[in-house]
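Written out below as structure tokens is the structure these notes cover.
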Amino acid sequence: MKVRYGPESFSAGPARRAPGGKKDARPPRADQLLLVNGDELVGQWVRLTATAVEFETNVGPIAPEFDKVAAVVFDRSRLAL
């Protein structure tokens, strides 16, 4: 079962489009935390500790250990060009 947390709490802003013209479900300036069990969390990356990834969601902060995290996907606005 895939669970998505977070998009409802962010300001909507202008609709973004994903490839193919579909609406992008992620809010503007949102990062994603992908867990090994298939869950996808939407929110904001806070920092890395020695053992975990700290992430802020609309339901509060979480800090899953590294072995539970498959990937962190950063919002494109964080990229330095």
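Miscellaneous remarks
- Proxy reagent accessibility, fewest Cβ within 10 Å first, across V36, V42, V72: V36, V72, V42
- Residues D31, D75 in ascending order of nearby Cβ atoms (within 10 Å, fewest first): D75, D31.
Quick note: the coordinates plus some simple rules give every number you see, no bench work behind them. Everything numeric in this text was worked out from a predicted model, so none of it was measured. Reconstructed Cβ throughout: ideal geometry from the backbone, glycine too, with neighbour counts over all protein chains shown.
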